[in-house]
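In what follows, a structure is listed as structure tokens, so that the remarks can point back to it.
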Amino acid sequence: MSSRPAFLLIVTLCSAGLLSGQPVPRQRRLLYLNHSAGFKHETAKTSGPIVKQWGQKSGAFEATVTDDCSALTAENLKSYDAVLFYTTGELPLSDEQKKALLDFVRGGKGFAGVHSATDTFYKWPDYGEMIGGYFDEHPWNQQVRVRVEERDHPATRHLGESFLIKDEIYQFKNWSRDKVHVLLSLDPASVDLTRKSVHRTDRDFAITWTRNFGKGRVFYTALGHDPEVWADPRFETHLVNGIRWIMGDLK
């Protein structure tokens, strides 16, 4: 009997790491929570299948999409590499669940927030500290110019020095550049700063930032209100690479 089939089997197993002692890489997993306890964004729901598709197309992660906050438990989070929020209001999490989320990120995993994730948990200061700030009205929903402040980050290096986009633009409170690393910001020359809803006198309107939280990584982008943004390839690369960055797969 030829020993060639057995030899090929051993080579295949070694290549997969099964006999070489090397661990077989596990598919990265993302838990996407889009629960709205306050204002209900149309895109909070429609973005779920999009995120799943983007994860599959890129091969970067497998996304589980849910609006069920009971998924955020210490035991369940063991199966995931990162959590993504598109949320509003005071989510129905117990103190035990809140601790589980903080421990998950502080322990070295990832957290990402899209758009109204900063319009969430005003009564839970630890959440505001983790994500980096809170929503403080949206003075503009129009085409704006966005400045790319960090051009060497995987979530922004495809965007050039600046770009135009139509979306709902947030401003933030309890936010400081001292606590986050800004990737994108609004060009104030592209909007009307005389509106009554404009509160920041420093004209500093960050749009996307990152930060470290314990051993973990946090990525937040205020883009993503308009459905058209979710059909924009620039936003796809922006969010997918932001997620890959918090998972530690992109430097």
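At a glance:
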{"item": "Extension gain, GLU90 back to LYS166 (0.36 nm per residue minus Cα-Cα distance, nm)", "result": "24.5 nm"}
{"item": "Hz values of 3J(HN,Hα) by residue in the range 193-201 - Karplus curve (6.51, -1.76, 1.60), Gly and Pro given as x", "result": "8, 8, 5, 5, 7, 7, 9, 7, 6"}
{"item": "Convex hull per residue volume in Å³, alpha carbons only, for the chain", "result": "148 Å³"}
{"item": "Spatially proximal lysines relative to LYS173 (Cα-Cα < 17 Å; intrachain offsets below 8 disregarded)", "result": "LYS123, LYS196"}
{"item": "Distance histogram in 10 Å bins (all Cα pairs of the range 164-209, percent per bin)", "result": "22, 60, 17"}
{"item": "Expected 222 nm ellipticity per residue - DSSP helices of 4 or more, -39500 (n - 2.57), all of the chain, to 500", "result": "-8000 deg cm²/dmol"}
{"item": "Normalised convex hull volume, the range 122-186, alpha-carbon set, Å³ per residue", "result": "91 Å³"}
{"item": "Solvent-accessible area per residue for the chain (1.4 angstrom probe, square angstrom)", "result": "48 Å²"}
{"item": "Contact order relative to length of the chain, as percent, for alpha carbon pairs under 8 angstrom and 6 or more apart", "result": "19 percent"}
{"item": "Stokes-Einstein D in µm²/s, Kirkwood radius over Cα pairs - the range 32-89 at 20 °C with 1.002 mPa s viscosity", "result": "178 µm²/s"}
{"item": "Karplus (6.51, -1.76, 1.60) ³J(HN,Hα), θ = phi - 60°, over the range 90-100, in Hz, Gly and Pro reported as x", "result": "8, 5, x, 10, 6, 4, 5, 5, 4, 5, 4"}
{"item": "Residue with peak Gaussian network fluctuation, the chain [Cα springs, cutoff 10 Å], from SER116, SER79, SER36", "result": "SER79"}
{"item": "Check: the range 173-224 dipole with +1 on Lys, Arg Cβ and -1 on Asp, Glu Cβ, in debye", "result": "260 debye"}
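The values are calculated or read from the model by the stated rules, or taken from the named source; none is laboratory data. Because the structure is a prediction, the values reported are computed rather than measured. Positions of Cβ are generated from backbone atoms using ideal geometry, with glycine treated the same way; all protein chains shown enter the neighbour counts. Note: areas computed on protein heavy atoms with side chains; ligands, DNA, RNA excluded. Shrake-Rupley method; radii C 1.70, N 1.55, O 1.52, S 1.80 Å.
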